[in-house]
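Below: one structure, written as structure tokens.
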Amino acid sequence: MPKPDAPLRGMDDLLVLFHDAEKPRERWRIGTEAERIAVRRADGAHLPYEGRISVVAIFEALIREHGWEPEQELDDGPIIALRRADASVTLEPGSQIELSGSPYRSVHEGKAESDAHWADLQPVIEDFGLIWLGLGSHPFATVDQLGWVPKMRYEVMRTYMPTRGPMAGDMMTKTCTVQANLDYASEEDAMRKLRAGLRAQPMVTAMFANSPWNEGKRSGYKSYRALTWLHMDRDRSGLLPFAWKDYPSYRDYVEWALDVPMFLVKRGGKAYYNTGQTFRAFLENGFRGVAARYEDWVVHLRTLFPEVRLKSTLEYRGADAQGPDMLYALPALWKGLLYDEDSLRGLERLVDPWSFPEVQRQRDDLARLGIRTKFMNREAADWAGEILELAESGLRRIGETNAAGEDETVLLRPLRDLLEQARCPADRLLEEVGEDFPLRQAVIGAAGL
């Protein structure tokens, strides 16, 4: 791996990150990143970054009582993250809290570690009178009511992103996801997983739709989070049309990334905002006397938000945050689909006929109706059932078990229970809450963790 300050000279330097990340199958692991919203139990008010009851207060308690280490962008800057061993607690722009666990061989192991870390957080937020909401989007607050985390990149995004799409503010400050990170063995393996994952992702979004409210009322969408992602910066998000080629490559991903505008360049604690410049132009011409380095490329890749993102792992990013019963169904689903060769081939056979224009056209319906809609002239619930069966069969063949001897299909049982009733998590929530008022307390009762 190059040093962070190594100069970038051309395509070979840009590709090295992906080649260096390749791992043989026996070293494959799976990681889970889960975001949550904290609100006041009494009235649903959002959690600010600073104050007596705030993100900073929670972080200080975790540092003091549980041995987490603070991270700052500058030596005297605000705390923007915590780290302990290979796990981290980070923040999204609107103070959504994200826990990233260590990568493990089995989802069972990752679940055990993440459950322990969330257990650290639980008494802290209860002492503050807070509660987690296991939802894909903040159900009550407007963008103006949500503060901003003081992170350099977020300050750029706050100004720039709303110029790129009308719902960019909602996407940044309100939304929460659960993400699965998977390894790859080679360029061919990475591109197969990217290609199949991007085709299947809108259906997976519908299967995990879990954000039916916005600003205190029903939004009309089962996944308001997915709706916001359809109306923000299209330069850096979406389904990546090049992945519909028969044999996409690392170079295709790099060529796409090079033409996405940058956010900023950091040098010596100073941020140079350069949103008007693509990385291709920065690589060729520099910016204000600053030449491109390897660390700039790594940072730029983090500012790209496709539904499946390629970095040192493949990140499957298109699902709403979930409650505890469904949280680990997402990484289990992707592991079963992509880490077993028979299931991966089955997924490819299933999704290869789906054209880019047709999948793109139906993303709004899947966000609005979940799996209770038509997709490719067939019930979406039937497609979802086939995807789930492929994942289950893959996990059975992989055969990694917990202490009770159960394989990882046990983590998919809540998803199967919903799909057998042609429902997604939002359907269950809407049935439980109904039209109850006050809506805030009804939602907190149904979605509070």
_Condition first: over 21 Å from the mean Cα position of the chain (by Cα) and within 30 Å of Arg440 (Cβ to Cβ). Can you find one or more residues in region 204-216 that meet it?_
yes
Selection from region 104-117 of residues touching a residue at least 60 places away in the same chain (Cβ under 8 Å) and buried (at least 18 other Cβ atoms within 10 Å of the Cβ) yields Tyr104, Ser106, Val107, His108, Gly110, Lys111, Ser114
Flagged pairs (Cβ under 6 angstrom, 6 or more apart or on separate chains; first in region 1-26, within 14 Å of Ser186 (Cβ to Cβ); second among the acidic types (Asp, Glu) and outside any helix (DSSP H, G or I)) are Lys23/Asp183
Only one of Thr159, Thr173 is surrounded by 24 or more Cβ atoms within 10 Å (Cβ to Cβ), within 18 Å of Leu304 (Cα to Cα) and among the hydroxyl-bearing types (Ser, Thr, Tyr), namely Thr173
The helices (runs of 4 or more DSSP H) lying entirely within region 180-269 that contain at least 1 residues which are surrounded by fewer than 22 Cβ atoms within 10 Å (Cβ to Cβ) are 187-207, 250-258
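So how many residues does region 262-286 have that are in contact (Cβ under 8 Å) with a residue 60 or more places away in the chain and either more than 21 Å from Asp233 (Cβ to Cβ) or touching a strand residue (DSSP E or B) at 6+ places or on another chain (Cβ under 8 Å) (or both)?
Initial filter on region 262-286 (in contact (Cβ under 8 Å) with a residue 60 or more places away in the chain): 263-264, 266, 269, 271, 273, 275, 283.
Adding the requirement that they be either more than 21 Å from Asp233 (Cβ to Cβ) or touching a strand residue (DSSP E or B) at 6+ places or on another chain (Cβ under 8 Å) (or both) leaves 263-264, 266, 269, 271, 273, 275.
The number of residues fulfilling the criteria is 7.
Name the residue, out of Val143, Val178, Val149, that is among the β-branched types (Val, Ile, Thr) and within 21 Å of Glu71 (Cβ to Cβ).
Val149
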Given the conditions (1) under 18 Å from the mean Cα position of the chain (by Cα); (2) surrounded by fewer than 20 Cβ atoms within 10 Å (Cβ to Cβ); (3) closer than 19 Å to Gly448 by Cβ, every one holds for Ser137 apart from (2)
Within region 46-61, the residues that are without any contact (Cβ under 8 Å) to a residue 40 or more places away in the chain and either closer than 13 Å to Val443 by Cβ or of a type in the set (A, V, I, L, M) (or both) are Val56
From the option list Ala384, Ala391, single residue qualifying as in contact with a Ser or Thr (Cβ under 7 Å, 6 or more places away or on another chain) and in contact (Cβ under 8 Å) with a residue 40 or more places away in the chain is Ala391
Scanning region 49-75 residue by residue, those acidic (Asp, Glu), over 26 Å from the mean Cα position of the chain (by Cα) and in a loop (DSSP other than H, G, I, E, B) turn out to be Asp75
Out of (1) free of Cβ contacts under 8 Å to residues at least 40 places away in the same chain; (2) in contact with a helix residue (DSSP H, G or I) (Cβ under 9 Å, 6 or more places away or on another chain), the one Gly94 does not meet is (1)
* Asked: In this structure, does Gly269 turn out to be over 28 Å from Ala329 (Cβ atoms) and either of a type in the set (Gly, Ala, Ser) or touching a Gly at 6+ places or on another chain (Cβ under 6 Å) (or both)?
  -> yes
Of those in region 156-188 that are of a type in the set (D, E, K, R) and in contact with a helix residue (DSSP H, G or I) (Cβ under 9 Å, 6 or more places away or on another chain), the residue farthest from Gly336 (Cα to Cα) is Arg158
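No lab work stands behind these numbers, since they all come straight from the coordinates. This one's a predicted model, so the numbers in the text were calculated from it and none came from an experiment. Glycine gets a Cβ as well: all are built from the backbone with ideal geometry, and neighbour counts include every protein chain shown.
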